[in-house]
1. Taking the stated definitions as given, is A:SER173 of a type in the set (Ser, Thr, Tyr), part of a loop (DSSP other than H, G, I, E, B) and modelled with pLDDT under 90?
2. Quick check, is B:ALA43 in contact with a Lys or Arg (Cβ under 6 Å, 6 or more places away or on another chain) and at pLDDT 80 or above?
3. For region A:128-142, which positions are farther than 14 Å from A:LEU212 by Cβ, β-branched (Val, Ile, Thr) and surrounded by 15 or more Cβ atoms within 10 Å (Cβ to Cβ)?
4. Looking only at region A:59-73, filter to residues that are under 17 Å from the mean Cα position of the chain (by Cα) and buried (at least 21 other Cβ atoms within 10 Å of the Cβ); which one of those is nearest to A:VAL20 (Cα to Cα)?
5. Among residues belonging to region A:180-207 that are of a type in the set (Ser, Thr, Tyr) and touching a residue at least 12 places away in the same chain (Cβ under 8 Å), point out the one that is surrounded by the fewest Cβ atoms within 10 Å (Cβ to Cβ).
Amino acid sequence: MKSIRWEHFVLAFGLVLLGVAHAWGLFYAPPEAMMGDVGRILYVHVPTAWVGLVAYTAAFVAAIGALWTGRTGWDAGIEAFAEVGVVYNALLLFQGSVWARPTWGIWWTWDPRLTTSAVMLLLFVAVLVLRRTVESPEQRLTVSAVATIIAWVDVPVVYFAVKWWRTLHQDFSSPETVSNTMVSPLRLAAFGMLFLGIGIAALRWRSAYVRLADQSDAPELPDAPAQLHLHPDREA
Amino acid sequence: MDPAQTDAIATGMIQGGWEYVWAAYGVSWAVLLAFAAIAILGATPSRLRRTP
């Protein structure tokens with residue numbers, strides 16, 4: 001079995017892109033007009049948010065595939081993408097809180113964007129916990145796929161929260177809303193974070209698939225005494 | 001104080017705050033590198049070998 005896989009290259013490429021983008025954002029990009037140097041958190045916060053939402057959406061697609069086909073590969077996809085989404089989501093909340101303190105004067109507020117993001121984290125953590133508590137592979141696939149689809153409903157709510165409600169959180173960050181001097185490092189950081197996420201998710205998928213396939217192939221433990229009594233002649 | 005800094009203060013730009021920037025980047029990089037390491041170590045050939 002090969003020890004270096006394509007996932008390692010994608011992961012390393014993501015790290016390099018992210019390193020270049022963050023060096024650009026931290027040391028070469030201009031300070032933000034109102035937030036000053038604190039505005040540089042943009043280059044880590046926004047890509048984390050985008051890729052986190054993409055990971056949850058990939059978990060949602062895997063959940064539909066798992067329900068449709070019943071295959072272990074899709075089930076492993078739910079686990080891998082939900083894990084990536086949860087890590088990015090937790091980082092997102094941390095970065096947002098650190099950014100909020102110098103700009104809003106508070107670490108946390110029950111703003112719609114923040115609240116729905118926190119709910120999204122709890123929902124997907126619940127999906128991962130649920131997967132650990134259900135032992136039967138078939139039941140686990142069905143239950144976690146349904147739970148993932150239910151949890152994903154919050155993803156578009158998080159995305160559109162800044163449009164649907166009056167929020168303290170700023171509007172979408174895009175080339176239309178971000179200064180030209182900030183677009184390039186932001187875009188590079190987004191691609192870096194995406195490649196890193198793909199590499200990690202692919203590796204987590206591979207290890208989850210082997211573990212789940214092992215569990216699915218494991219023979220049922222025989223009810224030994226009953227079988228011996230029912231078919232004594234077969235033992236001869 | 002240099003003129004650029006005086007202008008920045010006059011416009012209401014937040015001054016300083018690098019400790020928040022380093023905290024956000026430092027923790028993010030640490031967590032992402034740890035997660036990448038866990039993913040790599042969890043998918044080594046010996047760990048991916050199916051149980052007979």
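The values are calculated or read from the model by the stated rules, or taken from the named source; none is laboratory data. These numbers were taken from a predicted model, which means no experiment stands behind them. Note: ideal-geometry Cβ built from the backbone for every residue, glycine included; neighbour counts use all protein chains shown.
1. yes
2. Numbers: in contact with a Lys or Arg (Cβ under 6 Å, 6 or more places away or on another chain): yes; at pLDDT 80 or above: yes.
Judged against the criteria, B:ALA43 is a match.
3. Result: no residue meets the conditions.
4. Selected residue: A:ALA59.
5. Within region A:180-207, the first condition is being of a type in the set (Ser, Thr, Tyr), and the residues that meet it are A:181, A:184, A:207.
Narrowing further to those that are touching a residue at least 12 places away in the same chain (Cβ under 8 Å): A:181, A:184.
Working: A:THR181: 10, A:SER184: 15.
This residue is A:THR181.
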